[in-house]
Structure formats: structure tokens, C-alpha cells
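Asks: This structure is in C-alpha cells; I'll ask about it shortly.
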Amino acid sequence: MASTYLTRTPSSAGNRKTFTFSAWIKRAKLGSTQYFVSQGTDSNNNWTMGFGSDDVLFMWNYISSFQIRFNLNRKFRDTSAWYHIMLAVDTTQSTEADRIKFYINGVQETSFSTSTYPSQNLDTIVNSTTGNYRIGHYSQGSDYFDGSMSHVHFCDGTALAPTVFGSTDSTTGEWQINTSPSFTPGTNGFTILKDGNTITDQSANSNNFTVGGGTLTKTEDCPSNVFATWNPLNPTNPDFANGNATLTRASNSWKPAWTTIGASSGKYYCEIDWDSGSNFTVGFSTADVPGSNPTLEDLVGNPSNGGYITVLYENGVIYNNGSSAGAYGSGSTYATNDIMMLAMDLDNNKFYFGKNGTWFNSANPASNTGGYDINASYTNSTWCFAAVVYGTGSWHGNFGNGYFGTTAVSSAGTNASGNGIFEYNVPTGYTALATKGLNL
């Protein structure tokens, strides 16, 4: 469960009628109430934005009653994407609808299940000196935001346009980040989490934040380069943590997990730290979610049940299409605290397995030798995902963020692609399972 938040108390009052909040947000956990920004003194005086248990974005300003209250109709359930969420407030506007404007990825939202607009010239709780700002937490509760945030901007005194913070790519039509937006921050304005996990204000002000609780962990995952995680839409309901990079299960029954990002061509590398537990295999899947309640036969690829996982590796044995395909690397066993290395070459149809810096079967992925050949069972252009099938315990995936859980890699290996940070050397020609990696 998330427990990290940032805090700052304004030293002087700002403009309580007009302001802009902008942030890039990537969700991890769904189906629970989570607040990502707030300011207030008590339950009768607060302003906040967050996601409800229905995954709907909400915002309110409450001073003894709701002066402002909005619930969007759309749901935010994509845990593999960064959303640009922006709120522009100007209660001085004569037209009611112009006083509150929400923008998601540059597009103004106009569909609400609840829409209580402020009275003209209302003074909100925002920018008062009677309550502190919280990023990642509700000032009056314990509902933390579970996910990642980047480029968090606040403008005191101006309702800005979304084009200050982003623009539409002329080729793809996608909303892309402006990493160096130019705006006058005003008295309480700030820019944090702009370059890594810095909480020092990067605007013209010195409105620095402090970590109020938990641990603020840097991630390579950002709005311009999304890295794979374990997929929380997995129907077998394991527990996820650390931005869905950690997988935990208490029940000792075989269940699967897949990455959010897969590929149909190219060469990719990742690492999995087996932290604790029993019954653990690593491999590659040709489907990200095989049904609502997959059996063990489904997981290992029994052809009569669909053959979802193409190749699994367990202690020196390869399993292909539900049965043993023979030994792979004499004496190549693994245990808890080992870091498993996985490489998939979808250009030459080979998979590679190793641990703690050494490739099994005397393989060399860079020179296309010693890998497990999947030409007989794999069709080109089929999407593949890194996967595990597990019993009880916990597993940390490092898909390029440079961490196993909250522990940074001890000594980063070389990576000629420049995409991602790993414990061991990334084979030449390979890269991370990330949007940048898919487009190299």
C-alpha cells in the first residue's frame, strides 16, 4: 500500500480565486479512493483532487459545505499510460462554465456526473495560509495516491491553457509533454518532480516541499518513456506494490503474471529478483490475460487449452507447450535472492535465461548463440510478454527502472541502448521493454 506524500505550508496568502494545477500521473492500483493533491486545515476546510473507488476523477472545495464539487463521467483505468491532468480555476469569470475547466491530455472535459460550479468571486481554500499542500495524500485522511507523478506544476494567479504544458504530436496525434513550460508561478506557485524525484522548487520561487511520509523513489518511467510493469489487470488477483513492479502472493497455488508491455519484433532484456517463497518459473507469454481463471495447464501452454505461455524455464529444464522440452544449461538452478536474467530475441526467435550475471547454456545473446530456439512453436508477429508462473512469495521485476522493489541496483551494468538501468550488462543489441525500446 502506498504511504508516500510530500508537504509544504504556504508562508503567505496567494490568489484564492484563480490558479492552475498541472501534473502527469500514472496509476498503479485501481478500485480504491486515492488523493493526489490537497490543501486544507480540517474536514470542514479543504480542497482536493483524486480518484474514487469507481476510478473516476473528482475534485472539491469544501468550507463547511461543498462550494465546488465535480465528478467526471470517464474512468481512468489504464495503468500502463501517463495521463496529463490539468485543472484551471478562475472564479472571477461571469460565465459559470468558465470558472472551472478540466483538461485530460490537452482536451477539455465537459461530461460530469456531478458539477457544482463556484459562485462568482468565491475565495477557495487554495492559496490560503491556514492549511498545507499535500502531494500524494489527502490532508485530512489516509487515502494515499498509488502510482507515479511527474512534472507537477502549480500557478498562483492565472488560469492557464493546457498548451503551456503539452502539445499534440503532428505525426501520431498524441498529447506529448512540454518538459520546460514557461509561466509566471505567482506567490505560491511551484514546479517539482520535474527532473527525477527532486522536491526542490524548479520555478522562479523557492517553494520547496519535504517528504511528509514514506520513501520517494526515483523511476526511469516518465511521460515520454513508459516502462513495462506487472499487469494489474491479471485475473488471478495477486498483490502488487512499488508501481506494480513487485508481485506478492500468500497462497501456494500456481498462478501467472505478465508484463503490461510486449513486443512482436526486436530484442529485449529484463531482470527478476526472486525475493522469497517457493514454486517459481520464468518465461515468456504469447497472451497477456488468458481468461478469467486459468488452470495450470493453461499457464504452461497446454495446446488443448489455448497454449498461452510459450516457454517456461525452471531449474535447468525448459517447458514448451505444456511439457518438458529437455535440459537447458547443466546445473543451472536458482534460489531465492537470485536475480534472473531474461532476454527475448524476436528477430531470430530465441529466448535466453541466466542468473546473477551469467547466461545459462554458455549462451551469448549478443552473438545469437546458445539460446533456446522457438521457431517450431512461435509465429512471427505474435506478441510476446515477459512472464512468471509462481506459488507463494514475492518477486521484484526490474524492467529498466533500476530498482528491485525500493532497492536500487547495486552497480548498474552497461547498456548501449541507453534505455533503462539494470543490475547486469544488457547484451549488445538489446533494450528495455519500454515505449522508447519499441521504437529504437
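Asks: Mind checking the dipole of the chain: about its Cα centre, +1 per Lys or Arg Cβ, -1 per Asp or Glu Cβ, Debye to the nearest 20?
Replies: Using only the charged Cβ atoms, the result is roughly 520 debye.
Asks: Which trypsin sites (Lys or Arg not before Pro) in the range 1-52 pass both tests, a DSSP loop state and at most 10 other beta-carbon atoms within 10 Å?
Replies: Nothing satisfies the criteria.
Asks: In straight Cα distance, which lysines are under 23 Å from K17, not counting same-chain residues fewer than 8 positions off?
Replies: Filter leaves K101.
Asks: What does the convex hull of the Cα atoms of the range 1-87 come to per residue, in Å³, rounded to a whole number?
Replies: 121 Å³
Asks: Regarding the chain, what whole-number volume in Å³ per residue does the convex hull of its Cα atoms give?
Replies: 144 Å³
Asks: Would you calculate the volume per residue, in Å³, of the smallest convex hull containing every Cα atom of the range 5-213? Don't skip to the end; give the middle numbers.
Replies: Values: hull volume 24.2 nm³, N = 209.
Dividing the Cα hull volume of the range 5-213 by its residues yields 116 Å³.
Asks: Starting with the fewest neighbours, write out D90, D221 ranked by other beta-carbon atoms found within 10 Å of each beta-carbon.
Replies: Numbers: D90 18, D221 23.
Ranked by crowding around the Cβ, least crowded first: D90, D221.
Asks: For Cα pairs less than 8 Å apart in space and 6+ apart in sequence, what is the mean separation divided by the residue count of the chain, i.e. the relative contact order in percent?
Replies: 15 percent
Asks: Test of understanding: ordering V164, V126 by Cβ neighbours within 10 Å, fewest first, what list do you get?
Replies: So the residues, fewest neighbours to most, are V164, V126.
Asks: Additional query: Tell me, what is the percent relative contact order of the range 63-145, built from C-alpha pairs under 8 Å that lie six or more residues apart?
Replies: Reported relative contact order: 31 percent.
Asks: Which of V426, V89 has the fewest other C-beta atoms within 10 Å, and how do the rest follow up to the most?
Replies: With the sparsest Cβ surroundings first, the list reads V89, V426.
Asks: I would also like to ask the following. Please name which of C270, F51, L30 has its Cα lying farthest along the dipole of the chain towards the positive end, using unit charges on Cβ (Lys, Arg +1; Asp, Glu -1) and the Cα centre as origin.
Replies: Of the listed residues, the answer is F51.
Asks: If you line up the Cα atoms of the range 72-154 on their principal axes, what length do they span on each, largest first, in Å?
Replies: Dimensions of the range 72-154 along the principal axes of its Cα atoms: 40, 32, 23 Å.
Asks: Run the reach check for K29 against lysines, Cα to Cα strictly under 19 Å, same-chain hits fewer than 8 apart removed. What comes back?
Replies: By straight Cα distance, K29 reaches K75, K218.
Each reported figure results from applying straightforward, stated rules to the coordinates on display, with no laboratory input. Predicted model only: the values in this text are computed from it and were never measured. Heads up, the Cβs are rebuilt from the backbone with ideal geometry, glycines too, and the neighbour counts pull from every protein chain shown.
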